[in-house]
Number of protein chains: 2
Amino acid sequence: MTAEKKAATLGAADASPDQDWPGGTFKKYASSVDVARVAGVSQSQVSRTFSGSSKVSESTRKKVLEAAERLDYRPSLIPRIMLTHKSNLVAIVVGGLYNPFYSTVLEEFMIRFQAAGHQVLLLHIPNDHALDDVIPKLASYRVDAIVSALAILSPAGAATLAKLKIPVIAFNTAVNNEWVTSVSSENFEAGRQIADLFIARGARSFGFISGPSTSPASARRREGYEERLRERGAGPPTVARGDYRYEGGFAAALSMFSGPSRPDALFCANDLLAIGAIDALRERLVLRVPDDVLVAGFDDIPAASWASVGLTTFTPDAAAMVDETISIVLSAANGKPLATKPVVVSAKLIERGTTNRDLRS
Amino acid sequence: MTAEKKAATLGAADASPDQDWPGGTFKKYASSVDVARVAGVSQSQVSRTFSGSSKVSESTRKKVLEAAERLDYRPSLIPRIMLTHKSNLVAIVVGGLYNPFYSTVLEEFMIRFQAAGHQVLLLHIPNDHALDDVIPKLASYRVDAIVSALAILSPAGAATLAKLKIPVIAFNTAVNNEWVTSVSSENFEAGRQIADLFIARGARSFGFISGPSTSPASARRREGYEERLRERGAGPPTVARGDYRYEGGFAAALSMFSGPSRPDALFCANDLLAIGAIDALRERLVLRVPDDVLVAGFDDIPAASWASVGLTTFTPDAAAMVDETISIVLSAANGKPLATKPVVVSAKLIERGTTNRDLRS
DNA sequence: TTGTATGCGTTATCAG
DNA sequence: CTGATAACGCATACAA
């Protein structure tokens, strides 16, 4: 009876399998069964024609292709996911796309994943706390792997992710556990390097504008900076807290330079903060950069190399980081266990005009 | 026999349904059947417990939840897609995330779609030509709708998309057809407004730096600008072609001001171009902005309001555009036909220091 | 309230 | 080379 009914239904569908019906029923997609009927072959042959692997006679192939064309048939990937337990879906979790560093990296990821035959499921997490909201989605769509491109990912957040038993690659945050591997840039060493540069350029007193208090990257950069300053016999830096945004850098610089200690070198946890600080210095405090204050950032966002900015900063080897991440994801997606050792990519110091008058355009 | 075998398999799985097996077999996710067995109830009851709608006795419910917890069970959405023909997946197709305008909009979309219970499948298209590569993916994952946030979408590209018979919303590009609706900002009128502003600020000769030649938005902005200049009795603007990027604006300004005609007002098709042009003017040509040249852009990206930039520009009402897009997508996802009339949202002129000395910080 | 049976659109296996 | 048929994991109509 069911077969009967189906035959009738599809008899009608033959002519127009994806149109409105009198009753309002709407058959959106033709299935391989529909195509098979129109082509006069078995459903298996349709499947084989489209999967390409098996061999199908030329005549059958032609019939199938014609029917498929007529019916606008597109094979669905959904059933395949059920069979193979692989969705070919990779989740990328992002926080602040306002930071050009992350949007650039995201774009790079998309391009690379697409090239590798994976699709990207994009998720947004405003803060670590909201992680719980997206966890269910991640599992429900059976994503093969998760890339966390969050500026902030706490160990607790990482633990939550690990419960999913889906491989997680933490991009730019050095957290690790059984299911979480990290790919991040060298932060501590960068802090040390910039301290040396500042001193070489003649600075005597130092400042630091941090990211959010919960950012491990910001903390590491600061630690390296402070350690090296200590080693070189300089006093500890004055510290103000920013939020990784332009406005935060602007405000932090304003308050820092309204205080008693006015550093003559300022390291900021990222470029947006640094640009905000420079603007506060130049436009509001009428201080000259680099003549009165040296400034450096981290990320090498496009604006850092604008002629009007010329910001000394660190270029994380984003290409290498993306490469590493992709290869980890691909092997994880192939079922191989995660290599648990964290990957650390070095960041290269780029000196521009904000620490060197000779480099001003 | 099959049942026999399955029982055996799952007998083992009971204890550890998602662990490595001696043979290397790996059962990643527990299914509702597994949970049912452990809980000692039928699979239907598990389904009912998790769908929430039907009524399940408290005792059954508790047994199911306990078993699910033990097995780390997460219902899969995949079968549901097969049943309902709705994936709850919305594809967002992006091109240049290097433009902060688009990355900001993308972030807004993600937040809104997630709140509405949809997931975002992100696709990248470097150029209109590459559209064909992603079309199959779009159909294969049975996305409910497609949002095209491409800076450039040709009518031909739109036609290609339409063949999918999936509702498409073209964001910021005014192309339309049976399956493609557009939500874009008012471009022509903006061009007219900026012409008036330039004239009011005393400009006599005019320039325009365009986006890529294929960008309809750029073309419309230019048309409005030229029309109004003509109406006001000014000569036609000198035109140079950029590419929507900082570097393009920089180079275009350089070449334009090396030529015979040096405009004293310059309208750029977007903010990145404008900022590049300003830097070329100030840093390389030693011209003052706004004293020697007035400059305006379009998009109101964050950098436009930086103290060091202070760019006069147009704010597209991005929130309203996203709102409109979301509501179209949601109704389309509910099976309603597309309302085919294009939506146009006005953009608001924001005057800052690059056209007005009094507004310099 | 609970259990049984069926279908969704593929791929894979196994006979012809 | 081709065609049946059995899964995959869930939702749901139907029977109990």
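The values are calculated or read from the model by the stated rules, or taken from the named source; none is laboratory data. Note that the structure is a prediction, hence the values are computed from the model and not measured. All Cβ positions, even for glycine, are placed from backbone atoms using ideal geometry, and neighbour counts span all protein chains on display. These area figures cover heavy atoms from the full protein model, side chains too; ligands, DNA and RNA do not enter into them. Shrake-Rupley method; radii C 1.70, N 1.55, O 1.52, S 1.80 Å.
One table, with the values for the structure above:
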{"read-out": "Flag for residue A:225 being part of a loop (DSSP other than H, G, I, E, B) and crowded, with 22+ Cβ neighbours inside 10 Å", "value": "no"}
{"read-out": "Any hit, the stretch B:179-194, residues being open to solvent by 30 Å² or more (accessible area, probe 1.4 Å), of a type in the set (Lys, Arg) and under 22 Å from residue B:85 (Cα atoms)", "value": "no"}
{"read-out": "Residue among A:173, A:160 that is more than 17 Å from the chain's Cα centre (by Cα) and either of a type in the set (Phe, Trp, Tyr) or more than 17 Å from residue A:333 (Cβ to Cβ) (or both)", "value": "A:160"}
{"read-out": "Selection count, the stretch B:80-108, where residues are within 16 Å of DNA strand D (Cβ to nearest atom), within 8 Å of chain A (Cβ to nearest Cβ) and in contact (Cβ under 8 Å) with a residue 60 or more places away in the chain", "value": "1"}
{"read-out": "Elements of type strands (runs of 3 or more DSSP E) contained in the stretch B:266-361, each with 1 or more residues being open to solvent by less than 10 Å² (accessible area, probe 1.4 Å)", "value": "B:294-296, B:313-316"}
{"read-out": "Tally of residues being more than 10 Å from chain A (Cβ to nearest Cβ) and of a type in the set (Phe, Trp, Tyr) across the stretch B:298-316", "value": "2"}
{"read-out": "Hits in the stretch A:121-140 (condition: over 26 Å from residue A:269 (Cβ atoms) and crowded, with 22+ Cβ neighbours inside 10 Å)", "value": "A:121, A:138"}
{"read-out": "Selection count, the stretch A:185-242, where residues are out of contact with any Leu (no Cβ under 9 Å at 6 or more places or on another chain) and at positive phi", "value": "1"}
{"read-out": "Those residues of the stretch B:119-142 which are more than 10 Å from chain A (Cβ to nearest Cβ) and within 16 Å of the chain's Cα centre (by Cα), in sequence order", "value": "B:127, B:128, B:131"}
{"read-out": "Of all residues making up the stretch B:49-63, the number that are part of a helix (DSSP H, G or I) and either touching a residue at least 24 places away in the same chain (Cβ under 8 Å) or farther than 18 Å from residue B:74 by Cβ (or both)", "value": "6"}
{"read-out": "Hey, residue A:111 facing another protein chain (nearest Cβ under 9 Å) and either in contact with a helix residue (DSSP H, G or I) (Cβ under 8 Å, 6 or more places away or on another chain) or in a strand (DSSP E or B) (or both) or not", "value": "no"}
{"read-out": "Selection status of residue A:230, over 17 Å from residue B:306 (Cβ atoms) and either of a type in the set (Val, Ile, Thr) or part of a helix (DSSP H, G or I) (or both)", "value": "yes"}
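Conditions (1) within 12 Å of DNA strand C (Cβ to nearest atom); (2) closer than 30 Å to residue A:109 by Cα; (3) assigned by the TED database to the domain that holds residue A:166; (4) open to solvent by 30 Å² or more (accessible area, probe 1.4 Å), marked per residue:
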site	(1), (2), (3), (4)
A:40	no, no, no, yes
A:45	yes, no, no, yes
A:48	yes, no, no, yes
A:53	yes, yes, no, yes
A:58	no, no, no, yes
A:64	yes, no, no, no
A:67	no, no, no, no
A:70	no, no, no, yes
A:80	yes, yes, no, yes
